[in-house]
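The block underneath contains the structure these notes are about, expressed in structure tokens.
Rule-based calculations on the coordinates, nothing more; no lab input. Note that this is a predicted model, so its numbers are computed, not measured. As a convention, Cβ positions derive from the backbone with ideal geometry for all residues, glycine included, and neighbour counts pool all protein chains shown.
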Amino acid sequence: MKNFFSKLVILVVLNPLSRLPFGVIYFVSDGLFLLIYYLVGYRKKVVFNNLRNSFPEKSEGEIKKIAKEFYRHFCDLIVEAIKVAGLSREEMMKRMHIENPEVFEDLYRKNKNIIVMAGHYNNWEWAATAVPAFINHRCKGIFNPLKNKEFNDYISVSRSKFGMELVSKRKFYNELIPVSGEKPKAVFFLSDQLPKNPYKTFWTDFLNQETGFPYGAGVYAIKYDYPVVFGEVHKEKRGYYKTRMKVITEYPLKTSQDEILEKYSQLLEQQIVNNPQFWLWSHKRWKRSKPADYESGFDK
């Protein structure tokens with residue numbers, strides 16, 4: 001019965017929505033905003049607390065304005081995620097383009113496997129889906145499989161339709177191991193999640209708060225000598241984005257895990273400070289604190 005209901009939702013709701021014109025899609029988003037912000041109040045307490053703590057210098061009126069803009073953008077993300085299934089390659093490349101693909105091209109010519117770090121900022125889903133259409137690297141991204149097989153398969157097909165190879169979290173780290181003679185790969189990390197283990201965490205000051213970042217990208221960059229690139233997604237207007245690439249380090253063996261993650265956190269923070277409405281404020285980002293007996297470094 002559960003599988004039947006899931007198939008019905010995909011067939012009757014998601015597939016038709018994905019084929020609607022963008023004007024209609026954004027009409028749906030506007031209605032969703034009224035529902036989520038005014039009627040349901042989805043995670044409003046989390047959003048407002050995160051904003052107040054991140055921007056203590058802002059007035060309550062400014063915080064409310066950012067929050068409302070965030071919810072409008074959040075609803076756009078929902079319908080844009082659904083729309084992916086109905087987008088052609090040409091349409092996606094028009095609506096999400098890479099501003100400076102030469103960053104990838106240079107590293108590809110040097111036969112370099114790379115790590116791409118990004119945050120839950122702007123439309124990270126479209127960025128990850130579209131990037132493989134622009135570059136020569138094989139693209140691999142972490143995917144946490146859903147318990148519902150029908151929805152899991154539907155989302156997996158949508159996200160990988162332009163070349164992103166999705167790998168489950170349990171198998172992902174095997175994909176990082178370099179293979180001689182293999183086409184260079186780009187491995188994608190969304191590195192602003194809250195780590196589960198506060199001891200194996202990089203702690204730094206971020207948005208006026210002591211904040212933990214997962215060590216993964218920094219650890220594997222140095223372990224396998226993968227240059228690290230930061231993907232900075234910008235919203236040009238509704239339904240149109242661009243991604244600007246910034247090299248964090250081309251020579252990871254000359255730096256450290258902490259330096260890589262510190263640079264990443266600074267780049268992400270600056271992007272958020274410039275346009276705070278586009279970050280995922282509904283995430284319970286600061287529910288853990290740095291342990292009193294914490295020692296810096298992953299291998300300790």
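Of the helices (runs of 4 or more DSSP H) lying entirely inside the stretch 82-183, the ones with 2 or more residues being touching a Phe, Trp or Tyr at 6+ places or on another chain (Cβ under 7 Å) and farther than 23 Å from GLU250 by Cβ are found at 89-95, 124-130.
Restrict the check to the stretch 253-271 and report whether at least one residue is part of a strand (DSSP E or B) and buried (at least 22 other Cβ atoms within 10 Å of the Cβ). Full working, then the answer.
Residues of the stretch 253-271 part of a strand (DSSP E or B): none.
Checked the stretch 253-271: no residue is part of a strand (DSSP E or B) and buried (at least 22 other Cβ atoms within 10 Å of the Cβ).
Does TYR220 qualify as being closer than 30 Å to ARG109 by Cα, in contact with a Leu (Cβ under 7 Å, 6 or more places away or on another chain), among the hydroxyl-bearing types (Ser, Thr, Tyr) and not in a strand (DSSP E or B)?
yes
Considering the stretch 53-64, the residues that are out of contact with any Leu (no Cβ under 6 Å at 6 or more places or on another chain) and surrounded by 14 or more Cβ atoms within 10 Å (Cβ to Cβ) include one that is farthest from ILE82 (Cα to Cα), namely LYS58. Selection of the stretch 35-45 for residues being within 13 Å of PHE70 (Cα to Cα), part of a helix (DSSP H, G or I) and of a type outside the set (Lys, Arg) yields ILE36, TYR37.
The single condition among (1) touching a Pro at 6+ places or on another chain (Cβ under 8 Å); (2) surrounded by 15 or more Cβ atoms within 10 Å (Cβ to Cβ) that GLY216 does not meet is (1). Applying the condition of being surrounded by fewer than 18 Cβ atoms within 10 Å (Cβ to Cβ) and in contact with a Pro (Cβ under 7 Å, 6 or more places away or on another chain) to the stretch 199-213 and asking which residue is farthest from ALA292 (Cα to Cα) yields ASN208. Select from the stretch 18-34 the residues that are in contact with a helix residue (DSSP H, G or I) (Cβ under 6 Å, 6 or more places away or on another chain) and within 26 Å of ALA67 (Cβ to Cβ) and list them in ascending order. ILE25, VAL28, SER29, LEU32, PHE33 - these are the residues of the stretch 18-34 that are in contact with a helix residue (DSSP H, G or I) (Cβ under 6 Å, 6 or more places away or on another chain) and within 26 Å of ALA67 (Cβ to Cβ).
Remark: pairs (first residue in the stretch 35-55, touching a residue at least 24 places away in the same chain (Cβ under 8 Å); second residue assigned to a loop (DSSP other than H, G, I, E, B) and among the aliphatic types (A, V, I, L, M); Cβ separation under 7 Å; 6+ apart in sequence or on different chains) = SER54/LEU207.
Is it the case that LYS235 is under 30 Å from ASN49 (Cβ atoms), charged (D, E, K, R), surrounded by fewer than 15 Cβ atoms within 10 Å (Cβ to Cβ) and within 16 Å of the chain's Cα centre (by Cα)?
Details: under 30 Å from ASN49 (Cβ atoms): yes; charged (D, E, K, R): yes; surrounded by fewer than 15 Cβ atoms within 10 Å (Cβ to Cβ): no; within 16 Å of the chain's Cα centre (by Cα): yes.
No.
Between LYS196, LYS287, the distinction of being in a loop (DSSP other than H, G, I, E, B), more than 17 Å from the chain's Cα centre (by Cα) and touching a residue at least 60 places away in the same chain (Cβ under 8 Å) belongs to LYS287 only.
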